[in-house]
Amino acid sequence: MADDKTKFDLETIRHSTAHLMAQAVKQLFPDAQVTIGPVIEDGFYYDFYRESPFVPEDLIKIEQRMKDISSESLNIKRRELPREEALRMFDEMGEPFKREIINAIESDEPLSVYSQGDFTDLCRGPHVENTKILKSFKLLNVSAAYWRGDERNKALQRIYGTAWNTDKELRVYLKQLEEAKKRDHRKLGKELDLFSITDEVGPGLILWHPKGSRIRCLMEDFWKEEHFKNGYEMVHSPHAAKADMWKKSGHMDFYKDNIFSPMDIEGKEYVMKPMNCPFHIQIYKSRLRSYRDLPLRFAELGTVYRYERSGVLHGLLRVRGFTQDDAHLFCRPNQIEEEIVKVLDLILLILRSFGFNEYKVYLSTRPEKFVGSEEGWEQATNALKQALETSKLKYEVDPGEGVFYGPKIDIKIKDSLNRFWQVSTVQVDFNLPERFGISYIEENGQKNQPIMLHRALMGSLERFFGCLVEHYAGAFPLWLAPVQVILLPITDQNQEYADEVFKKLINSGFRVEKDLRNEKIGFKIREAQIQKIPYMIVLGEKEQESNCLAVRKRRSKETVTINIDTFIDKLSLEVNRKTLGESIQPI
């Protein structure tokens, strides 16, 4: 048996703790039926079918029972059973979901089960050897789910938990979790009046409020400016198209479950677009192309629609309508590596400008279900590898995680809470050019097929914006802040001076508000801090007489007196450099 101090793989710890939780649930609530309990990032969950809902008090009881079982030092044993014996055993246990899982397994090989005390579960493992090893865990919350993720199936209850090797690791994680709750973009989005989601509009569809829209405009303007600098042309495409185009592209086969139901228009099927790429191909096909035209770089902030199940929707991070910062590049085979290197350079520029300096790079290879030839996949994968090496970027290979039409590079950014977010991607595609029969005239007069590159820098504006909110805890750097400066006149007698300062700042291109309420200055300052406005300017008799400003930063208790022209110069420098100003701190 392993020593208590032995370090186990966290996935094994969490997998075993999921079983520990299921055992505790079955002991406390014998009517509960167990379904699946996988490991997820930083923890685990287990889905249960039960008529009565679990309440927060139940989680306390379940966690205590888990501790009791852990202290019983139950050995965890693995057995292999023939399919029929396993089916008979789970039927006798009253676990119909296990029968469905077993029936879905195509192999006739014996099935492995793990037992600890009075609890047995179908599982491939591995697990720790004894329940006493499982000590550092915490149940977090319960939510709704559906069997097999399909809302047409039975409704389940999902209990989430986390588990670690030591209590110290657990405490650190729980502290980080508390900080993450404070930074939750859904909470801050409401408090800062950035966006909303309503039942009347529909789940997964975002309403951008004025302040959120202001930030979005700043993101888009910066994005467009950098693309024009890098030789891209902007294009726009419709929100729907004939279903035949999506059948030709392969999306109806590979993304059918995520495409909204077709609409009948004059006897033809149309669908809301799930992707922008076929439209860009149509623009490419609009006229004859020469080798002299290549590379062609078409960029679009294109809004797409995907049918995500209600159970996976999550604020701005998982939605049904979102805007991709999309681009498609058409190039000759000998231009692939150079173009990918340029894309990687642009990705890093964009990410750094938004304050993300740490990231992980992954090379995703051919999945089980793919289109095109193996030779084409190998050529595309090698081009991506060479570009990464030319760019001197360290990367990990992510086997089988490419998209159906080609391999890809994915970049995950690290935020201020050390969490990683999937944002940027670049993909090589030999498939769509072939499906749509696009070509260009080579130097020798022959027709050749161009290579197509798909790429996104921020991924989607919605998801990237949600990430920004949590990264900065809503306290955006000056260049992104929806309101950069707020003027706080002390009395009504200072309002005229406030109007003068307001006009000068507005004319200098800054986003300014005035708080003219008949409130004490301390109250106005606290309100401005809650709204996370970068600079507060207090205007009283002293400032008015000296034609100066009393400036206070949002996280500072000090007020600095400064000439208005000097203040404007400092703001301009900070905005133009896109400097982050203050360091990110816990709120």
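Close amide H partners of residue 76, meaning residues 5 or more places away or on another chain with modelled amide H under 5 Å apart, are 130, 131. Evaluated on region 485-576, the Kirkwood hydrodynamic radius is 13.1 Å, with distances taken between all distinct Cα atoms. Between the amide H of residue 478 and any residue lying 5 or more places away or on another chain, no distance stays under 5 Å, with hydrogens modeled in the peptide plane. Would you please give the FRET efficiency between residue 258 and residue 153, computed as 1/(1 + (r/R0)^6) with r the Cβ-Cβ distance and R0 = 22 Å, to the nearest 0.05? It comes out at approximately 0.75. Charge tally around residue 284: other residues with Cβ under 12 Å, Lys/Arg +1 each, Asp/Glu -1 each, net +2. Give me log10 I(q)/I(0) at q = 0.08, 0.18, 0.20 Å⁻¹ for region 10-183, Debye formula, one equal scatterer per alpha-carbon, no solvent. Those come out to -0.24, -1.23, -1.47, one per q. Remark: spin-label model distance residue 443-residue 569 equals 5.5 nm, labels positioned 7 Å along the Cα→Cβ axis. Eigen-decomposition of the gyration tensor built on the alpha-carbon atoms of region 224-287 gives equivalent ellipsoid semi-axes of 26, 13, 11 angstrom, largest listed first. The relative contact order of the chain comes to 10 percent, based on Cα pairs under 8 Å that sit 6 or more residues apart.
By the beta-carbon count within 10 Å of each Cβ, the least crowded to most crowded order of 217, 548, fewest first, is 217, 548. Quarter the surface of the alpha carbon convex hull of the chain and you get the mean projected area, 34.0 square nanometres. If the limit is 32 Å between Cα atoms, which of 224/412; 168/414; 187/520; 154/181; 360/504; 135/182 go over it? Violating the 32 Å Cα-Cα cut-off are 360/504.
Here the Karplus relation 6.51 cos²θ - 1.76 cosθ + 1.60, evaluated at θ = phi - 60°, turns the backbone of region 273-282 into coupling constants of 5, x, 9, 9, 4, x, 5, 5, 5, 4 Hz, with x for every Gly and Pro. Distances between placed amide hydrogens fall under 5 Å for residue 259 paired with 307, all partners being 5 or more residues away or on another chain. A cut-off under 12 angstrom between Cβ atoms defines the neighbours of residue 99, and their net charge, with Lys, Arg +1 and Asp, Glu -1, is -2.
Arrange the following residues from fewest to most other Cβ atoms within 10 Å of their Cβ: 237, 310.
By the 10 Å Cβ count, ascending: 310, 237.
Only helices enter this figure: runs of n ≥ 4 DSSP H residues, each worth -39500 (n - 2.57), summed and divided by the residues of the chain, yield -11000 deg cm²/dmol at 222 nm to the nearest 500.
With contacts taken as Cα pairs under 8 Å at a separation of at least 6 residues, region 79-222 carries a relative contact order of 12 percent.
Sort 561, 365, 198 by Cβ crowding within 10 Å, fewest neighbours at the top. Present the calculation step by step, with values, prior to reporting the outcome.
Details: 561 12, 365 18, 198 9.
Listed from fewest to most nearby Cβ atoms, that is 198, 561, 365.
Per-residue 3J(HN,Hα) values for region 539-555, derived from phi via the Karplus relation 6.51 cos²θ - 1.76 cosθ + 1.60 with θ = phi - 60°, read 10, x, 4, 4, 5, 5, 5, 8, 6, 10, 10, 9, 9, 9, 7, 5, 10 Hz in sequence order (x marks Gly and Pro). The 3J(HN,Hα) values that the Karplus relation (6.51, -1.76, 1.60; θ = phi - 60°) gives for region 22-29 are, in residue order, 4, 5, 5, 4, 5, 6, 7, 10 Hz. Gly and Pro appear as x.
Each value in this text was obtained by applying a stated rule to the coordinates, not by laboratory testing. Everything quoted here is computed from the prediction, not taken from an experiment. For neighbour counting, all protein chains shown are included, and Cβ atoms are generated from backbone atoms with ideal geometry for every residue, glycine included.
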